[in-house]
Amino acid sequence: MTLYPNAKVNLGLRVLGERPDGYHDIDTVFLPVVGLHDVLTLHLLPGGPACTLEVGGGVDCGAVRDNLIVRAYELLRPYAPPAVRMELRKQIPVGAGLGGGSADGAFALAAIAQRCQRAVGAGLLAELVLELGSDCPFFLLNRPALGRGRGERLRSVSVPIAGFWLLLVTPPVHVSTGWAFGQLEGERSPIPVDEAIAKPLNEWQGLLLNDFQCPIARAIPQVAEVLERMATLAPSYYALSGSGPSVYGLFPQHPECPEGFFSGCHVSVTQLAW
Ligand SMILES: C[C@](O)(CO)[C@H](O)COP(=O)(O)OP(=O)(O)OC[C@H]1O[C@@H](n2ccc(N)nc2=O)[C@H](O)[C@@H]1O
Ligand SMILES: Nc1ncnc2c1ncn2[C@@H]1O[C@H](COP(=O)(O)OP(=O)(O)OP(=O)(O)O)[C@@H](O)[C@H]1O
């Protein structure tokens, strides 16, 4: 069985108060980027619970036991999953604000849950996927969605971007999400994301804000540079995704980007379906 866990970007991201559990309530729209995905192959084997994971593509995404795919399997152990040998080809940049690890974990959890001997219903699956990470519940839905709470209170939304092109640029730095939350300062967007997104797309810039953008651009010069360069391409809208360092621009036509314009960065262009 082959799965294609895809990236996401955040359209607007407000960080509200810190909660008693140490997490923050957020207000965002998650947008799937199906054109940028990892490839995860699961070989189901006879016998009781056991799993192996091989990560290919020369990408370092930490110790195998800490991989969200293995953690997803471990969460399912009480429900008698089949033995499985897994291979992951990473294509989504790691630690990039694109939710790559979260997507891998959520896709693996959903697929293996269906094959457990003890039933894993929708309610239990929703609890388990949030244990994996705050971005993970979105990937079970994988449609444009307003996310509140830690990101698990999800509601489908329509966004007026069908046919638009997404230029996604990731500078060669990893950002730890926990560290990024510590960089936030007083300034926060006062405009709820659903209000901003209801405006025409050409009014989003300056209204639909990511609270991480200013502090992360201040802390990481490569992010500031990519944001400046993106602006010169005159996108309809551009912003930081998640806690960075990835920056995206939305264009009505295929963006023309001279060779080497984002030197050293991972660059991808995809047309959006929504
Ligand atoms: C920034 C976003 O990517 C926006 O979509 C997410 O909110 C982050 O989600 P994530 O990477 O799945 O984050 P988690 O793995 O759950 O948490 C990593 C760390 O980020 C902080 N964290 C994360 C999510 C959240 N709503 N509040 C937080 O304060 C916590 O310090 C936590 O220990
Ligand atoms: N399958 C995986 N792919 C990538 N990273 C993983 C995976 N499993 C665990 N990780 C760990 O998670 C860390 C964050 O990686 P990830 O690519 O998910 O970040 P991110 O895109 O910034 O996430 P988010 O947007 O959800 O905050 C990595 O540094 C790595 O140690």
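General observations
- Verdict on residue 122 being among the aliphatic types (A, V, I, L, M), farther than 30 Å from residue 216 by Cα, within 10 Å of ligand 2 (Cβ to nearest atom) and out of contact with any Cys (no Cβ under 8 Å at 6 or more places or on another chain): no
- Within the range 130-155, considering residues that are assigned to a helix (DSSP H, G or I) and within 13 Å of ligand 2 (Cβ to nearest atom), the one surrounded by the fewest Cβ atoms within 10 Å (Cβ to Cβ): 130
- Beta carbons closer than 6 Å, at least 6 apart along the sequence or on distinct chains, pair a first residue in the range 170-194 that is assigned to a loop (DSSP other than H, G, I, E, B) and open to solvent by 70 Å² or more (accessible area, probe 1.4 Å) with a second that is at pLDDT 95 or above and of a type outside the set (A, V, I, L, M) for 172/264; 185/215; 188/211.
- On the stretch given as the range 244-261, residues that are in a loop (DSSP other than H, G, I, E, B) and within 22 Å of residue 161 (Cβ to Cβ) total 8.
This table checks each residue for (1) buried (at least 16 other Cβ atoms within 10 Å of the Cβ); (2) assigned to a helix (DSSP H, G or I).
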| residue | (1), (2) |
| --- | --- |
| 87 | no, no |
| 91 | yes, no |
| 95 | yes, no |
| 101 | yes, yes |
| 104 | yes, yes |
| 107 | yes, yes |
| 119 | no, no |
| 124 | no, yes |
| 128 | yes, yes |
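- Hits in the range 98-123 - residues which are small (Gly, Ala, Ser), under 27 Å from residue 248 (Cβ atoms) and away from ligand 1 (no atom under 13 Å from the Cβ): 108, 110
- Considering only residues in the range 195-218 that are in contact with a helix residue (DSSP H, G or I) (Cβ under 7 Å, 6 or more places away or on another chain) and open to solvent by less than 40 Å² (accessible area, probe 1.4 Å), the one that is nearest to ligand 1 (Cβ to nearest atom) turns out to be 212.
The values are calculated or read from the model by the stated rules, or taken from the named source; none is laboratory data. Remember, predicted model here, so these are calculated numbers, not experimental data. With ideal geometry, Cβ positions are generated from the backbone for all residues, glycine too; neighbour counts draw on all protein chains shown. Each accessible area value is taken on the protein alone, full model and side chains, heavy atoms only, with ligands, DNA and RNA left out. Shrake-Rupley method; radii C 1.70, N 1.55, O 1.52, S 1.80 Å.
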